[in-house]
Amino acid sequence: MRIDIVTLFPEMFENVLGNSILKIAREKNLAHYHLFNIREYADNKRCVDDRPYGGGPGMVIKPEPVFNTIETIERQTNSHPKKILLTPQGHRFTQSIAKELAKESHLMLICGHYEGFDERIRIGLDALELSIGDYVLSGGEIPAMAVIDAVIRLIPGVLGDIDSVTHESFNDDLLEYPQYTRPAEYRGMKVPEVLLSGHHQKIKEWQKDHAIKRTRERRPDLFEENS
């Protein structure tokens with residue numbers, strides 16, 4: 001998968017893309033990351049944003065440098081990537097969306113900043129608008145990192161153990177069951193006996209029951225959405 005990141009702050013991504021699973025994906029030649037600084041494609045590199053028409057606080061990213069950046073990438077790659085606009089007004093990013101995006105061969109993540117995008121960027125682009133939650137950040141860079149991480153780990157071959165993906169939270173619309181490792185007892189807290197029993201069927205039943213219980217307690221909305 002090729003991932004293009006369109007941002008005013010490419011340096012924010014360097015450590016994230018160079019560590020952990022994202023680094024492994026690149027080393028395995030399963031993912032390639034390309035950073036593009038919007039400012040470098042502006043007609044006036046000192047002016048990529050401006051005051052909003054009609055008044056109001058903050059600055060709005062102008063359409064010209066964003067379109068210039070995207071059109072340059074498309075000419076260079078001779079392709080039309082799946083475009084993702086990171087914005088608080090977007091659809092809530094979910095595991096199911098991550099699974100769909102993991103099937104793509106070329107993604108482009110476009111990060112807003114300041115008070116957001118000129119509306120003509122939304123109108124003029126055939127982009128999927130995504131939000132990682134009901135709160136506001138300084139820009140789309142951190143949400144882009146979250147989307148990239150969630151998607152890359154779903155690409156076959158990135159993780160050494162495929163079960164790591166199939167047994168995580170939000171698969172089957174459930175949170176993950178409680179996990180334990182050695183020692184069997186720590187500060188008076190014991191690992192449930194069933195997990196030490198070696199009885200695989202009973203362990204699976206315990207895991208399913210506790211996944212349902214945890215989901216009902218912590219995320220009852222997941223049941224409501226699928227009822």
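The values are calculated or read from the model by the stated rules, or taken from the named source; none is laboratory data. On a predicted model such as this, the values are computed, not experimentally measured, just so you know. All Cβ positions, even for glycine, are placed from backbone atoms using ideal geometry, and neighbour counts span all protein chains on display. Surface accessibility is based on the protein's heavy atoms, side chains included, excluding ligands, DNA and RNA. Shrake-Rupley method; radii C 1.70, N 1.55, O 1.52, S 1.80 Å.
Taken over the chain, the percentage of Cα pairs per 5 Å bin, counting from 0 up to the bin with the maximum distance, is 1, 6, 12, 15, 16, 13, 11, 9, 6, 5, 3, 2, 1, 0. For ASP118, the residues 5 or more places off, or on other chains, whose built amide H falls under 5 Å of its own are ILE61.
Note on LEU128 and SER197: with the Förster distance fixed at 41 Å, the Cβ-Cβ geometry gives a FRET efficiency of about 0.35.
When the listed pairs LYS103/LYS208; LYS23/LYS45; LYS190/LYS213; LYS103/LYS213; LYS62/LYS83 are checked against a 23 Å cut-off, the alpha-carbon distance exceeds it for LYS103/LYS208; LYS23/LYS45; LYS103/LYS213.
If R0 equals 35 Å, the separation of the Cβ atoms of LEU35 and GLU205 corresponds to a calculated FRET efficiency of about 0.15.
Taking the 1.4 Å solvent-accessible surface of the range 70-223 as the whole, the part contributed by carbon and sulfur is 49%. Distance from the Cα centroid of the range 60-138 to that of the range 177-208 is 43 Å (rounded to whole angstrom). With distances taken between every two different alpha-carbon atoms, the range 27-135 has a Kirkwood hydrodynamic radius of 15.2 Å.
Of all aspartates and glutamates in the structure, those lying under 12 Å Cα to Cα from LYS202, and not within fewer than 8 positions of it along the same chain, are GLU193.
Per residue of the chain, what 222 nm ellipticity follows from adding -39500 (n - 2.57) for every DSSP H run with n ≥ 4, rounded to the nearest 500? Could the numbers behind the result be given before it?
On the way: 10 runs with 85 residues, N = 227.
It comes out at -10500 deg cm²/dmol, rounded to the nearest 500.
Taken along the Cα-to-beta-carbon direction at a fixed 7 Å, the label points for PHE67 and ASN19 span 3.9 nm. With all protein chains kept in place, the per residue accessible area of the range 24-175 amounts to 55 square angstrom at a probe of 1.4 angstrom. Projected label points at LYS82 and ASP221, each 7 Å from Cα along the beta carbon direction, are separated by 2.3 nanometres. Rounded to whole Å, the principal axis extents of the Cα atoms in the range 92-134 read 29, 25, 14, largest first. From largest to smallest, the equivalent ellipsoid semi-axes obtained for the range 100-163 from the alpha-carbon gyration tensor read 27, 15, 8 Å. Screening the chain for whole DSSP H helices of 20 Å or more along their axis (Cα) with average Kyte-Doolittle hydropathy at least -1.0 returns 63-77. Remark on GLY112: its backbone amide H falls under 5 Å from those of LEU86, GLY140, a criterion applied only to residues 5 or more positions apart or on other chains, H modelled at 1.01 Å from N.
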